[in-house]
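Colleague: The structure is given below, and queries will be raised subsequently.
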Amino acid sequence: RIIVLPHGSLRILNASKSDEGRYLCQGVNVFGSAEIIASVSVKEPTRIELTPKKIELTVGESIVLSCKAIHDSTLDVTFYWTLNGQPIDFEKEGGHFESIKAQASSADLMIRNILLMHAGRYGCRVQTAADTVSDETELLVRGPPGPPGVVIVEEITDTTATLSWSPGADNHSPISLYNLQARSPFSLGWQTVKTVPDLISGDMESAMAVELNPWVEYEFRVVATNKIGTGDPSAPSRVIRTNEAVPKTPPANVSGRSGRRHELVIAWEPVSEEFQSGEGFGYIVAFRPNGTRGWKEKMVTSSDASKFIYRDESVPPLTPFEVKVGVYNNKGDGPFSPIVVICSAEGEPTAAPIDVKATSLSVSEILVAWKHIKESLGRPQGFEVDYWKDMQQEEAAEKVKTEGNESSILLTGLEGNTLYHLTVRAYNAAGYGPSSTAVHAATKKSPPSQAPGNIMWIQDGSHVSLGWEPVRPLANESDVMGYKVLFRQEGQSNSQVIETQKTSAVVLLPDVGVYIIEVCAVSEGGDGTASPQIRVPSFSGGKVTSAQSTLHVLSTSSSSVTLLLALMVPSTSW
């Protein structure tokens, strides 16, 4: 049990407490001797218990692994966790792992929201100053299947494709079924396709995709499912194109459209390229007068076409026709749409508006009114007013439209003091009717540019008497018809208005406060330039004149003095 080795070391096998003590090693030669003393302490061996021993979990579940150390009480222990022999880095595992140490002699490993990648051998290593021991447990994680292998397209027809694939990992839960998906330039991402057999069991490795559209590019992928869930899809197959075939989808919503007289306008929704089934796609437009037997057929070679116009001078307006639209491609003729009845065009309006009148309202506005003769054909959808200045040609006319049965329109933004010529004509989808006889109207002259001057005022309580010099317009300005006095309380935006034909007025200020007053001339062309603002305080009490206030001073001419004296003497007539 105790052996001295050739190089002088001492080996003690199956040590026990009785082997504790001080050991002396002495070396001797012809020159002398040397010795060392070694102290030996015998500790209880460390043992560990790692539970549970074997675990099977499903993706998304959590587990706690418990590691308990039984060791000599005089020794400290340290715990280490490994996964497949590699230390676990708790800071880099996305919060899935957490080390929990509730007691000095035990440690737990929490694994949260388990993923497939967390499956493997988990090890717990316990280290003391005397020894190191370890144990392992195996964690098996069940999850949805892995992606199937490469998808191969083996056979293609106009509406089918036979596919094969290799199974992916079942992740410890047998694959129960497969799902085939397809993608084309016309689909919104990947779509599940119908297959033969209808349900593809987990032990199958091929199936046929059916009810595909002819002459369309497809790529396919396969998705596996087990009782845990559906896994990731396989990589897409190579892009294939189904074979050509006779088209099977006729145009939708065949209807009539407005046109010119003697025209039959047939419209439809174009067939999407997804359903054209081959090259050389076009339309066959068939029509006949209602009650007749033979069909007239016209070919429309453009796949994008949505309208066909048939013109025949002998066709009266609003003649009913039976119409159908079919499809064809290089493989042959497809079906026709259901028969619908549509009518030939009623044509553009034939009568010009009557009683056209133009009335000048202001410097920039003319009101145009008219009447229209009701027609059985060529009914108007609205009216167009053309207007141009006297010195311009009619070709330079500006145009404005109304809709529906409007019988008047207000032209705005016109030049002042200008003669305009105006015509009115009806229109509909077929075109324009004849224009009315031209009428004429001149916009008003511009309002006076001069503001009322030398404004004087006298205040008696809440009454303010105002006077001013008359405004004399220029030759190209409208005559003065009267005046407006505008007043508002300071801080307010809306003004009250008093109109007068005199050059004086009395204003009642209803509330206490400061009022802003201004005066402007009124003319056919509108309101003239306003005078400078006057600030007048409103209060109860005696008289205040413009001579007593510094707020009034607009002029110091002799005429304003005369006006002031007249205002201060109520009995004076002026």
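Colleague: Of the residues in the stretch 392-442, how many are surrounded by 14 or more Cβ atoms within 10 Å (Cβ to Cβ), touching a residue at least 40 places away in the same chain (Cβ under 8 Å) and β-branched (Val, Ile, Thr)?
Modeller: 4
Colleague: Would you call Gly8 open to solvent by less than 50 Å² (accessible area, probe 1.4 Å) and part of a loop (DSSP other than H, G, I, E, B)?
Modeller: Values: open to solvent by less than 50 Å² (accessible area, probe 1.4 Å): yes; part of a loop (DSSP other than H, G, I, E, B): yes.
Considered against the rule, which asks whether it is open to solvent by less than 50 Å² (accessible area, probe 1.4 Å) and part of a loop (DSSP other than H, G, I, E, B), Gly8 comes out as yes.
Colleague: Further question on the same structure: Which of the residues that make up the stretch 483-530 are over 29 Å from Asn417 (Cα atoms) and β-branched (Val, Ile, Thr)?
Modeller: Once the filter is applied, which keeps residues that are over 29 Å from Asn417 (Cα atoms) and β-branched (Val, Ile, Thr), the stretch 483-530 yields Val506, Val507, Val512, Val514, Ile516, Ile517.
Colleague: Among the numbered criteria (1) in a loop (DSSP other than H, G, I, E, B); (2) among the acidic types (Asp, Glu); (3) surrounded by 15 or more Cβ atoms within 10 Å (Cβ to Cβ), which single criterion is violated by Asp386?
Modeller: The single condition Asp386 does not satisfy is (1).
Colleague: What tally of residues in the stretch 11-41 results from selecting those that are closer than 23 Å to Asp72 by Cα, of a type in the set (Phe, Trp, Tyr) and outside any strand (DSSP E or B)? It would help to see each step written out before you state the result.
Modeller: Taking the stretch 11-41 first, the residues closer than 23 Å to Asp72 by Cα are 11-23, 38-41.
Filter once more, so that each one left must be of a type in the set (Phe, Trp, Tyr): 23.
Now restrict to residues that are outside any strand (DSSP E or B): none.
Total satisfying the criteria: 0.
Colleague: Only residues that are within 52 Å of the chain's Cα centre (by Cα) and at positive phi: list them for the stretch 485-529, please.
Modeller: Selection gives Gly491, Gly526.
Colleague: OK, next. Sort out which residues of the stretch 255-276 are under 15 Å from Val327 (Cβ atoms) and either assigned by the TED database to the domain that holds Ser184 or in a loop (DSSP other than H, G, I, E, B) (or both), and write them in order of number. Show your work before the answer.
Modeller: If we filter the stretch 255-276 for residues that are under 15 Å from Val327 (Cβ atoms), which is where we start, we get 266, 268-276.
Residues satisfying the conditions are Pro270, Val271, Ser272, Gln276.
Colleague: Right, another one. From the set of residues in the stretch 68-83 that are modelled with pLDDT of 90 or more and of a type in the set (Ser, Thr, Tyr), which is surrounded by the fewest Cβ atoms within 10 Å (Cβ to Cβ)?
Modeller: So the residue we want is Thr78.
Colleague: Suppose we keep only residues that are within 37 Å of the chain's Cα centre (by Cα) and either in a strand (DSSP E or B) or touching a residue at least 40 places away in the same chain (Cβ under 8 Å) (or both) within the stretch 281-314. Which one would you say is surrounded by the most Cβ atoms within 10 Å (Cβ to Cβ)?
Modeller: Filtering the stretch 281-314 for residues that are within 37 Å of the chain's Cα centre (by Cα) and either in a strand (DSSP E or B) or touching a residue at least 40 places away in the same chain (Cβ under 8 Å) (or both), the one surrounded by the most Cβ atoms within 10 Å (Cβ to Cβ) comes out as Tyr283.
Colleague: Here's another thing I want to ask about it. Taking the condition of being basic (Lys, Arg) and in contact (Cβ under 8 Å) with a residue 40 or more places away in the chain, how many residues in the stretch 68-119 meet it?
Modeller: Going through the stretch 68-119, the residues basic (Lys, Arg) turn out to be 68, 92, 101, 112.
Still in the list and also in contact (Cβ under 8 Å) with a residue 40 or more places away in the chain: 112.
Total satisfying the criteria: 1.
Colleague: Considering the stretch 89-135 alone, what residues qualify as being open to solvent by 20 Å² or more (accessible area, probe 1.4 Å) and among the hydrophobic types (A, V, I, L, M, F, W, C)?
Modeller: If the condition is that a residue be open to solvent by 20 Å² or more (accessible area, probe 1.4 Å) and among the hydrophobic types (A, V, I, L, M, F, W, C), then Phe90, Ile100, Ala102, Ala104, Met110, Leu115, Leu116, Met117, Ala119, Ala129, Ala130, Val133 are the ones that fit.
Colleague: Given the structure, is Phe275 touching a residue at least 40 places away in the same chain (Cβ under 8 Å), surrounded by fewer than 20 Cβ atoms within 10 Å (Cβ to Cβ), under 36 Å from the mean Cα position of the chain (by Cα) and more than 13 Å from Ala182 (Cα to Cα)?
Modeller: Criteria met by Phe275.
Colleague: I'm checking my understanding of the structure. Among residues of the stretch 476-520 that are among the basic types (Lys, Arg) and under 30 Å from Thr443 (Cβ atoms), which one is surrounded by the most Cβ atoms within 10 Å (Cβ to Cβ)?
Modeller: Start the filter on the stretch 476-520 by keeping residues that are among the basic types (Lys, Arg), which leaves 484, 488, 502.
Adding the requirement that they be under 30 Å from Thr443 (Cβ atoms) leaves 484, 502.
On the way: Lys484: 19, Lys502: 10.
The extreme case among them is Lys484.
Colleague: Can you tell me which residue within the stretch 17-67, out of those that are among the hydroxyl-bearing types (Ser, Thr, Tyr), loosely packed, with under 12 Cβ neighbours inside 10 Å and more than 21 Å from Ile2 (Cβ to Cβ), is farthest from the chain's Cα centre (by Cα)?
Modeller: Among residues in the stretch 17-67 that are among the hydroxyl-bearing types (Ser, Thr, Tyr), loosely packed, with under 12 Cβ neighbours inside 10 Å and more than 21 Å from Ile2 (Cβ to Cβ), the one farthest from the chain's Cα centre (by Cα) is Ser33.
The values are calculated or read from the model by the stated rules, or taken from the named source; none is laboratory data. Note that the structure is predicted; figures quoted are calculated from it, not measured. No Cβ is skipped: glycine too gets one built from the backbone with ideal geometry, and neighbour counts run over all protein chains shown. The accessibility values were calculated without ligands, DNA or RNA, using every heavy atom of the protein model including side chains. Shrake-Rupley method; radii C 1.70, N 1.55, O 1.52, S 1.80 Å.
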